[in-house]
Amino acid sequence: MTTRSANLNPKPSMQSLAVGTSRGTPGLTTQTVQGRQFRPCADCTCSPGLLSRQGRRSSLFLRRLENTRRRSSRDCSTAIGGGSGQESVYSSDSLCQSTREVNTTERLLALRREMVKHELCCYIVPSEDEHQSEYVSSADQRRAFISGFNGSAGIACITRDLLNFNTEQPEGRSILSTDGRYFNQASQELDYNWTLLRQGEDTFTWQDWCVKEAAEMSRGLGGKTAKIGVDPRLVSHELVVAFNRLITQKAGEGADVQLVPVEENLIDAIWPKFERPPKKQLQSVIALSEDYSGENFKSKRSRLQKHLTKNYRNSGPLAIVALDEICWLLNLRGSDIAYNPVFFAYAIADSDSVTLFTDNALHAEVQRYCADNEIQLEPYDQFWNRLSEKSQKLDQQQKFLIPDNSSWQLVRHVHCNYKSVHSPIDIFKSIKNETEIRNARRAQVKDAVCLTQYFAWLEDQLINKGALIDEYRAAQKLTEIRRTQKNYKGDSFETISSTGANAAVIHYAPPKDGSSMINPDKVYLCDSGSQYLEGTTDITRTVHYGNPSQEEKDRYTLVLKGHLALERLVFPEGTTGFQIDSIARQPLWSQGLDYRHGTGHGIGSFLNVHEGPIGIGARPSLLQYPLQSGNIISNEPGYYKDGEYGLRIESDMLVTHSGLKFGEKRFLQFENLTLVPYCRKLINVKLLTKEERQQVNDYHARIWSSIVQFTQPQSITFKWLKRETSEL
């Protein structure tokens, strides 16, 4: 991977860039209202898709459109910095694309004034909540508020120049660090106050940047202490330990840099000045039947206690902080965070009891369930008091067990010897039992029926009826179809419904207003999933309803070859996802191509769609967690050409025993659970080996036999399914 240095000089305003470049219909100008950009034609229908179906899309118009878009892309990527000339900052081929840029000038000024009160030179704003959740409630989206960037991963760092003694108008710099999934999105959403730091590509990290900025200010003031502040509830203790080590290594002589806890969250302090802050919505909690969990709570608690006794001598209580771990252990589910069936809670597991700390409403049925299972109930905030009390009662030999993802605040409340461990519950829940596996297969059949209906409907609307359907409306239609399934509890994440260049934005979410019209002459990528009582799904298929280019077909086929190679893999027990990531990338690597995201992630059982600790990718942490029989994991290689198109194929796979052994070592394999066809139009059969062609044909035959029984003969769904699953 090529490494590029970030340009940390303040970049030009994206507002000023937009005025000078033709991103909209000629003759229309951008208007700025209350810090947001709008275009008068935001609700018009002059997209390329509409023009083609009205017969008014002339070759001259197309040439002008393409030239304008390419010129705009080059100008913007060059001005913003940190990107090559071939990368487009604006991945959209809609003529009337509304931007989501937020002017953060006043927000940053208000934050820096709060930093003055706490004598901070730098303030860190993480993405996570106090449970270290990847996806958080709207009330916890502090980083999105201060930066304008809405991706699920990233961290914002804001400095206040200590050499500027004007406390009313403090100045400073601000960076947003995120990974390759969000480079494109962040470039669109950040305004001129921010510099994008690209994880894995820039030569330094956000931690390096904070320490360097603080050290320079400290030396400039003759060694005065420069404080870097963070809410101790929102960062893990492990991150704090690593950060303090970095300060020791890199602050240098003459500088005094300290990382300090700031218990008053400074974003919460300024949020009401700009808008009404969202409130946490505590929803009701349900008990999950053993018909879906496959194991009752008492059995899970017994397993947990045996594991702790066996592996940790003189162990004390175990603090449980991850929301999905609490839900899995207690066989409870909630809906406090969109798309995630979890609720806000902490738990402490003692040798003979489990205490649940939550403020959520528990109906009589759930209260009876807790009483029958001897689950003690206490208010959410009481967790901190109980943490301190229990830690003080331990004898000198005992150690409080805390998960390695515990917050800094949790460690500060444990007044005794503690031991940081990886929560065994994280491992337990990643290995599905027979009931969960059986239900996962049922959930995949349900979702395959829905996606088959959806893709057939979309093709019929776009091609046969010439309808105008935008990305957002299409995603809503898919949700409507899924609602017809029994035990459907909602989507497992926000549907990525993306046409043309928008498909190159890896985690694109179509806006409700100003969404692009789906152009049948362009690639369409749909990444979506469902939450059923039976299980969680996450499926991506890329389709084309017109005539794809040879390049699109060839690169789709390279992605498919990697997808198939990973699915065919047979590997010994003890193998990690880190070790097999290159299998899926090899066909692309052979052509000098790659993608900027992991190849796979664990999937929960009616739980979070992204489930640890396993995964397939290049993250070193994955080396610690080998794949095991019973894991469900995604297989999702892709390729993205910024400004033009994106390709991804994602299926959910079950890890199973292959029946092979070498001595005492058993071998594992994958079973593809997903039952949605690949796109025939995008497959270049000449690039497939005989083995790969047979693999596709066998897979499509299995899909046909599994799904056809749920379709009506002569229906558009039946005809679409028959065509797409016919032999190559």
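Rule-based calculations on the coordinates, nothing more; no lab input. Treat the numbers as computed from the prediction; the structure is a model and nothing was measured. Cβ placement follows ideal geometry from the backbone for every residue including glycine, while neighbour counts extend to all protein chains displayed.
Brief remarks on what is shown
- Taking segment 525-551 and a reference point 7 angstrom along Cα→Cβ of residue 686, the backbone N atoms nearer than 17 Å belong to 548-551.
- Each residue, residue 619 and residue 208, gets one label point 7 Å from its Cα in the Cβ direction; the gap between the two is 2.1 nm.
- For segment 105-273, convex hull of alpha carbons as volume per residue, Å³: 109 Å³
- If R0 is taken as 60 Å, the Cβ-Cβ distance between residue 250 and residue 712 corresponds to a FRET efficiency of 0.35.
- Under the Debye formula (equal points on every Cα, no solvent term), log10 I(q)/I(0) of segment 286-430 at q = 0.09, 0.16, 0.17 Å⁻¹: -0.26, -0.84, -0.96
- Averaging the sequence gap over all C-alpha pairs within less than 8 Å and six or more residues apart, then dividing by the number of residues, gives segment 586-697 a relative contact order of 17 percent.
- Protection proxy ranking, peptides 657-665, 669-677, average beta carbon neighbours within 10 Å, highest first: 669-677, 657-665
- The residue 105 and residue 242 beta-carbon pair, evaluated with R₀ = 30 Å, returns a calculated FRET efficiency of approximately 0.40.
- Paramagnetic label reach from residue 431 (point 7 Å along Cα→Cβ; backbone nitrogen cut-off under 14 Å): within segment 268-308, residues 300, 303-308.
- Residue order for 471, 263, fewest other beta carbons within 10 angstrom first, comes to 263, 471.
- Counting other Cβ atoms within 10 Å as a rough exposure proxy, the listed residues 457, 194, 408 run 457, 408, 194 from fewest neighbours to most.
- Counting DSSP beta bridges with both ends in segment 346-430, the antiparallel % (nearest 5): 35 percent
- Proximal charge balance of residue 215 [Cβ under 11 Å; K/R count +1, D/E count -1]: -2
- The modelled label-to-label distance between residue 397 and residue 694, using points 7 Å beyond Cα along the C-beta direction, is 6.3 nm.
- Placing a label point 7 Å from the Cα of residue 224 along the Cα-to-Cβ direction, the residues of segment 119-141 whose backbone N falls under 15 Å of that point are 119-122.
- Here 412, 142 are placed in order of increasing Cβ neighbour count within 10 Å, fewest first, which gives 412, 142.
- Here the relative contact order of segment 260-412, from alpha carbon pairs under 8 Å that lie six or more residues apart, stands at 26 percent.
- Cα-Cα over 30 Å, subset of 429/681; 280/522; 280/419; 390/429; 477/681; 279/512: 429/681; 280/522; 280/419
- Residue 333 sits among other residues whose Cβ lies under 12 Å from its own Cβ, and their net charge, with Lys and Arg +1 and Asp and Glu -1, is -1.
- Between residue 591 and residue 351, residue separation times 0.36 nm minus the direct Cα-Cα distance comes to 80.8 nm.
- One quarter of the surface of the convex hull around the alpha-carbon atoms of segment 434-724 equals 15.2 nm², the direction-averaged projected area.
- Bridges between two residues of segment 286-436, per DSSP, are antiparallel at a rate of about 50%.
- With the highest mean first, a sort of the peptides 147-154, 564-571 on other beta-carbon atoms found within 10 angstrom per residue produces 147-154, 564-571.
- The C-alpha atoms of segment 299-361 occupy a region whose extents along the principal axes are 39, 18, 16 Å, arranged from largest to smallest.
- Here the chain is described by how far its Cα atoms reach on the three principal axes: 76, 64, 52 Å, from widest to narrowest.
- Over segment 428-538, volume per residue of the alpha carbon convex hull, in Å³: 106 Å³
- When each of the peptides 702-713, 197-208, 440-451, 268-279 is scored by how many other beta carbons lie within 10 Å of its residues on average, the order from highest to lowest is 440-451, 197-208, 702-713, 268-279.
- Beta bridges by DSSP in the chain, antiparallel share as percent, to the nearest 5: 70 percent
- Using the Cβ-Cβ distance between residue 274 and residue 380 with R0 set to 25 Å, the FRET efficiency works out to roughly 0.35.
- When you restrict to C-alpha pairs under 8 Å that are six or more residues apart and normalise by the size of the chain, the relative contact order lands at 11 percent.
- Helices in the chain, meaning DSSP H runs of at least 4 residues, each add -39500 (n - 2.57). Divided by all residues, the mean residue ellipticity at 222 nm is -10500 deg cm²/dmol.
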